[in-house]
Each structure stands twice: as C-alpha cells, then as structure tokens.
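Let me begin by presenting the structure, written as structure tokens, before commenting on it.
The values are calculated or read from the model by the stated rules, or taken from the named source; none is laboratory data. As the structure is a prediction and not an experimental result, all values here were calculated from the model. Here the Cβ positions follow ideal geometry from the backbone for every residue, glycine too, while neighbour counts run over all protein chains shown.
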Amino acid sequence: MNVPLLDLKAQYQAIKPEIDAAVRAVFESQYFILGPEVVACEKAIAEYSQAAHGCGVSSGTDALVIALMNEGIGAGDEVITTPYTFFATAGSIARTGAKPVFVDIDPETYNLRADQIEGKVTAKTKAIMVVHLYGLMADMDPVMEIAKRHNLVVIEDAAQAVGSEYKGRRAGSIGDYGCFSFFPSKNLGGAGDGGMVVTQDAARAEKLATMRNHGMKPKYYNKYIGGNFRLDALQAAVINVKLKHLDDWSRARQQNALRYNRLFEEAGLGTELVTRPWVPRSTDPSQAGDCSCRHIFNQYVIRVKARDALRSYLSDRGIGTEIYYPVPLHLQECFAYLGHRAGDFPESEKAADETVALPIYPELTDEQAGYVVAAIATFLKSDNNA
Ligand SMILES: *Cc1c(COP(=O)(O)O)cnc(C)c1O
C-alpha cells in the first residue's frame, strides 16, 4: 500500500469541474493581477476569519513581511517569536532589519510559552509574532494582555491555521494582523504561491493595500517604500472555490486525528510510546467540557523515541512522513549572528529531535490509516526500538 504525506491529486479530482471553470473564467477575463477575484477572496477570507479587512498578497512569507513593514518595524527593533516554526517566521523579521528574539515552546502544544514573553521585553521590543503551529492556536489571552501592557503589535502567523479557533475566536482575528499562506500544501492551498493579511483596523488595512503595490497612492505617487506583494487573480479564483469546501476538509482532518488516536489505543501504543497531539477538548467529542477551541490539523504530529529509524522504516513501506522542523531557528546557520547555542531553547530542540508528522489529509481512508498505525506498532514493539 502507498500512503503519501499529502494527496493533492485526490482533492483536485473531487472538485475538478469547479476549479477548471474558475480558472477558465480568469483566462477569459485576461485580468491576472488583483481585480474582482482578489477583492472577492479578500472579503471571503476576512469574513471566514472574523476579521474586518483582508489584503491579498503574494505568499504567506510576504504577508508577514508586509505586516512588519506596515508598522515601520526595522533596524534597531526587536520582535519576540518562537524558534520552533517554519523559517519564514523569524526570516521575515530579520529581513526588515529587526532582531528576532526567541522564547521557548510548551512541549505539549508546540506553541510559544506566553509566560516567558514578558522576560524578553526590552525598550526595543515592537511586536510579538505568535505562530499557531500545526493548526492549533497559541494561548492568545496572555499574549494579548502582555502586548497591551507594553504597547506591542501582535502579528499572528496563521499560515497553518486558517479556520482554527481559540475560545470561539478565529485565527487571525485576535492580534493586530493575521497572516495566512495559500502555499499548495497548506490546508487552504492555491495553485502556486499566495497569501493574505487580515486586520480589524481600517487604517492599517488601507496602508496594507498601498504597501503591497509599491506604496503608490495614487498611481505613480509613492507615499511609502512598499513593494510588489500583489496576489494573482488565478490564485484568488482557486481559493474562492476551495474555501467553500474548507470546513468539510477540516472536519475530515479532525476525524482522521481521532481515528489515529483510537487506532493507537487499539494497537496497545499508549502515550508513553507515542505522544499524540494535544487537543482542545471541544475538538474531541469523546471528551467532556468545551473550551470552544478548534484544532484544524494542518498537521498530525506525534512524538516518539527513535524517530529517524521509524521514519525510514515507514518510508520503506510506502508511508510518507515529514519532520516539521528538524533544526530550530536559533540553531540555523543564517542566525549564527544572534549568538545562540544548543541548550538555549531545550523544548524546541527536543521537539525537533522527536517529532514526526503523519498523513492526515482529508481523503485518507480507513485502510490507509490502519496500515500506518500497524506499521508504527510493528516497529515500536520490536525489541530494538521500544
Ligand atoms: C508556510 C508557512 C509560512 C510561509 O508561507 P509561504 O506561503 O510558503 O510563504 C510562514 N509561517 C509558517 C508557520 C508556515 O507554515
């Protein structure tokens, strides 16, 4: 059997007529940059995210960069964030000339520890860039409280979290900016690069729209030094089709996560052998209580001993996995100038060594999930690997 990490061909087959018609309409219009599809996409994503305004941009990375530029953040400034994330989070901060300042993660949720933020605030701190990793929102109440007390901007890196909820509030709607990615492998992926910034603030939204088009307002009169961060109509048209299916896909991902949990139990793989994702109670109907939080499982990440050996064992059996992420950002070569060393953020380093993402895409079948868990059980129960 073959179980890829992600099966985008299956998704395309399911919605092919809708996608093909939307793409054809863009070609008929020959309107490729910004335009009505982008405006419709901005409205739809903003509404979906419980935000007032949306600004379509060229990628999730550019969404982060433009949010920082919009606040004039640059050389001499500091932005607090997590080292356990995709490079673009801290990369975007460094590209503006500002300094990424890291705080370690909570080992259960993999999100940054809000209680460690305040210790890193200095006179130079301008913003907190919080990441909702794997589709689970960070603990936003204390983040917002600290930001308010120190007058800091909050940028949500929601690249993995469109539709995720924290106490009934959607990813992107709580901070000053919410940044989404439409990279094809994200849970709302386009047919190429694309992204969106959402905000509740009309003045910020107006500046963003100018900033993404060279800071021009009106045309050829440059108010700010912006850039070309525009979203293509083709990407917007694809996202407009896919957004209608997103809640079904998110539900399927949640069901797949619950099925993995059940299969691990049935295979005798307790949490001492396989650490499962931490789930807000309301995502798991089998548990009592309700915090009105919603994990949308952009990834289903487990923690195991002998992670690398398990990965190659699964790969030999046709099972795709991935490590998100093998090197925490404070230990990346390009950030050597920050002067960090191994041991500075132990929970991030441990997570980088022990975690692996399993296939969780909506079209995953019972048979495929059973095959994945059976292979993991065989590996972990053999004497050499437990
Ligand atoms: C994917 C991702 C980004 C970047 O998005 P792109 O669209 O690939 O530029 C930023 N942050 C996180 C956490 C991501 O997962």
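Test each condition in (1) without any contact (Cβ under 8 Å) to a residue 60 or more places away in the chain; (2) over 30 Å from residue 23 (Cβ atoms); (3) more than 12 Å from the ligand (Cβ to nearest atom) for residue 153 and report the one that comes out false.
So residue 153 meets the others, but not (1).
Out of 367, 363, I need the residue that is touching a residue at least 12 places away in the same chain (Cβ under 8 Å), loosely packed, with under 13 Cβ neighbours inside 10 Å and within 30 Å of residue 248 (Cα to Cα). Which one?
367
When the residues of the range 100-153 are narrowed to those that are of a type in the set (Lys, Arg) and under 25 Å from residue 180 (Cβ atoms), which ends up nearest to the chain's Cα centre (by Cα)?
113
Against the conditions (1) more than 26 Å from residue 299 (Cβ to Cβ); (2) within 12 Å of the ligand (Cβ to nearest atom), where does residue 210 fall short? Just the number, please.
Unmet for residue 210, out of (1) more than 26 Å from residue 299 (Cβ to Cβ); (2) within 12 Å of the ligand (Cβ to nearest atom): (2).
Identify the single condition in (1) in a helix (DSSP H, G or I); (2) crowded, with 23+ Cβ neighbours inside 10 Å that residue 25 does not satisfy, given that it satisfies every other one.
(2)
Check whether at least one residue in the range 178-187 is in a loop (DSSP other than H, G, I, E, B), more than 16 Å from the ligand (Cβ to nearest atom) and surrounded by fewer than 22 Cβ atoms within 10 Å (Cβ to Cβ), and report yes or no.
The answer is no, given that none of the residues of the range 178-187 is in a loop (DSSP other than H, G, I, E, B), more than 16 Å from the ligand (Cβ to nearest atom) and surrounded by fewer than 22 Cβ atoms within 10 Å (Cβ to Cβ).
When residues of the range 335-353 are filtered for being in contact (Cβ under 8 Å) with a residue 60 or more places away in the chain and either outside the structural domain of residue 309 (by TED's automatic domain parsing) or touching a helix residue (DSSP H, G or I) at 6+ places or on another chain (Cβ under 9 Å) (or both), how many remain?
Counting residues in the range 335-353 that are in contact (Cβ under 8 Å) with a residue 60 or more places away in the chain and either outside the structural domain of residue 309 (by TED's automatic domain parsing) or touching a helix residue (DSSP H, G or I) at 6+ places or on another chain (Cβ under 9 Å) (or both) gives 7.
Identify, please: which residue in the range 85-116 is surrounded by 19 or more Cβ atoms within 10 Å (Cβ to Cβ) and near the ligand (Cβ under 10 Å from one of its atoms) and is, among those, farthest from residue 136 (Cα to Cα)?
92
I'd like the residue in the range 300-327 that is of a type in the set (Asp, Glu) and free of Cβ contacts under 8 Å to residues at least 60 places away in the same chain and, out of all such residues, is surrounded by the most Cβ atoms within 10 Å (Cβ to Cβ).
So the residue we want is 308.
With the checklist (1) surrounded by fewer than 18 Cβ atoms within 10 Å (Cβ to Cβ); (2) within 12 Å of the ligand (Cβ to nearest atom) in hand, flag the one item residue 202 doesn't pass.
(2)
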